[in-house]
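Let me begin by presenting the structure, written as structure tokens, before commenting on it.
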């Protein structure tokens, strides 16, 4: 390319569909023409799945999805991981780090080529096979799309594409994100809008993705990008001078276009601000997303485990955080995502069990108090979040079985090691390890929702938040949920309120032996209501609820 100044520069086409890196020659990516012979082109065999009314999302990164210390492939994910996801009862896969990114350790969030998929993991045809195979298993596949910013690379990115800093981005400081060290799109430029909207349709058409998780939406919607800003809920924080109207209009355009072209599409916003109307259709005055991520929930769990002893846990605060969402706007609840797994933080399992995960997760070792507590609370935290926190649920791959350790991608600071950039499937596949208990509970929890449908039901009615007994009781989808977070106290014949009279039985309990429990509460145990008001419910029944145990009861049909 020759610039107006006469300077000759090399650039990778912004719309290129494949780029590759030859490290033996240069760390800079090169463009590749991708148009295989017809016989080698992947042909989709399966239709898109029906729209999931209860989105149970499995967040995954193809590159880390192998037990070996290397980059995993699309082929391996198709063969080895899809079946795990299906077994666990998830119906949506959210794929991270698909858009090409020069720096592997960026987790895919420093995109360099927007229309190219990551060549580290294989070819475009192999990704198509992954998605088509998932569709054949009834799994919806979402792309973690990054339209909030772009990598600042020039030689293998789109920065300074024409020699200026403002072809795709805002000029000067306005076009730079000071924390992410990246470039910010100019959403008021019509060619930028065409580029980004085309990018969405490309992935829907070429790869048959079923929707998108939009990364960094808070950064997009505000001129301060959420840096140093707090959100108290006042409308002046959302609709004042700090609102980036051009970015919000882009998000409305994106959602309106995708939902018009693809009625079964799913769009999810990563927003920490609580923007009103974010998940209301555009034709009703909203921004048009289907779901928002409930980002306060994982922060709450980490703070409790990090700063509070068990007897200091406040039941009302827990319930408030889990239920504090905008009415009529769907939320995806989660205990932890990839953010909590990164080096410098800890997963829930690691906060709960720490170094004893290395020495006492075998059935041949004594069940120590730390491991017993960790397994019990890990199950309770997940079920409480799943059933009370939203209309969708998300889990990051490996956390379903309490994956040990953290995520750390190969980089100069760790000697370019892949040791922590993988998933240790071997620990859950070993029948002698206790990780299997957590994995089995995840399976039971998701399949219970599949049967009773609490995620697609109206929000729960919470009848009890007892600060001394450490109990939480609520009803949702005709089920009665009872959680005992007390660290030492079990309760016999504990009276709980329930609206519908009848005979109830236990359909799920964390105390089952196959979940690492003690079998003190049996599945199918019968409980009969008494027609007397209790905790603002028309009836009550009495249950046995052991310490650090949760129960789900369903009314028996006549």
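The values are calculated or read from the model by the stated rules, or taken from the named source; none is laboratory data. The model shown is predicted, which means the values in this text are computed figures rather than measured ones. Note that we place each Cβ from the backbone using ideal geometry, even for glycine, and neighbour counts take in every protein chain shown.
Among the candidates 464, 384, 471, 377, the residue that is in contact with a helix residue (DSSP H, G or I) (Cβ under 8 Å, 6 or more places away or on another chain) and more than 22 Å from residue 295 (Cα to Cα) is uniquely 471. For the stretch 403-421, the criterion of being more than 21 Å from residue 331 (Cα to Cα), assigned to a strand (DSSP E or B) and modelled with pLDDT of 95 or more is met by none of the residues. Taking the stretch 59-91 as the range and being in contact with a strand residue (DSSP E or B) (Cβ under 9 Å, 6 or more places away or on another chain) and closer than 16 Å to residue 443 by Cβ as the test, the residues that pass are 81, 82, 84, 85, 88, 89, 90, 91.
So is residue 123 modelled with pLDDT of 95 or more, over 20 Å from the mean Cα position of the chain (by Cα) and surrounded by fewer than 22 Cβ atoms within 10 Å (Cβ to Cβ) or not? Criteria met by residue 123.
It is to be established whether one or more residues within the stretch 328-345 are under 18 Å from residue 472 (Cβ atoms) and surrounded by fewer than 20 Cβ atoms within 10 Å (Cβ to Cβ). No; the residues of the stretch 328-345 include none that is under 18 Å from residue 472 (Cβ atoms) and surrounded by fewer than 20 Cβ atoms within 10 Å (Cβ to Cβ). Filtering 303, 308, 346 for residues that are under 28 Å from residue 91 (Cα atoms) and outside the structural domain of residue 94 (by TED's automatic domain parsing) leaves a single hit, 346.
Applying the criterion of being surrounded by 14 or more Cβ atoms within 10 Å (Cβ to Cβ) and in a loop (DSSP other than H, G, I, E, B) to the residues of the stretch 14-31, the residue that is farthest from the chain's Cα centre (by Cα) is 28. Residue 230 meets each of the listed conditions (1) assigned to a loop (DSSP other than H, G, I, E, B); (2) modelled with pLDDT of 95 or more apart from (2). Within the stretch 32-73, the set of residues being within 21 Å of the chain's Cα centre (by Cα) and in a helix (DSSP H, G or I) comprises 62, 63, 64. Scanning for something assigned to a loop (DSSP other than H, G, I, E, B), surrounded by 18 or more Cβ atoms within 10 Å (Cβ to Cβ) and in contact (Cβ under 8 Å) with a residue 24 or more places away in the chain, does the stretch 242-252 turn up at least one residue? Checked the stretch 242-252: at least one residue is assigned to a loop (DSSP other than H, G, I, E, B), surrounded by 18 or more Cβ atoms within 10 Å (Cβ to Cβ) and in contact (Cβ under 8 Å) with a residue 24 or more places away in the chain. Which residue is nearest to residue 546 (Cα to Cα), if the candidates are limited to the stretch 463-478 and must be in contact with a strand residue (DSSP E or B) (Cβ under 7 Å, 6 or more places away or on another chain) and in a strand (DSSP E or B)? Checking each candidate, the answer is 471.
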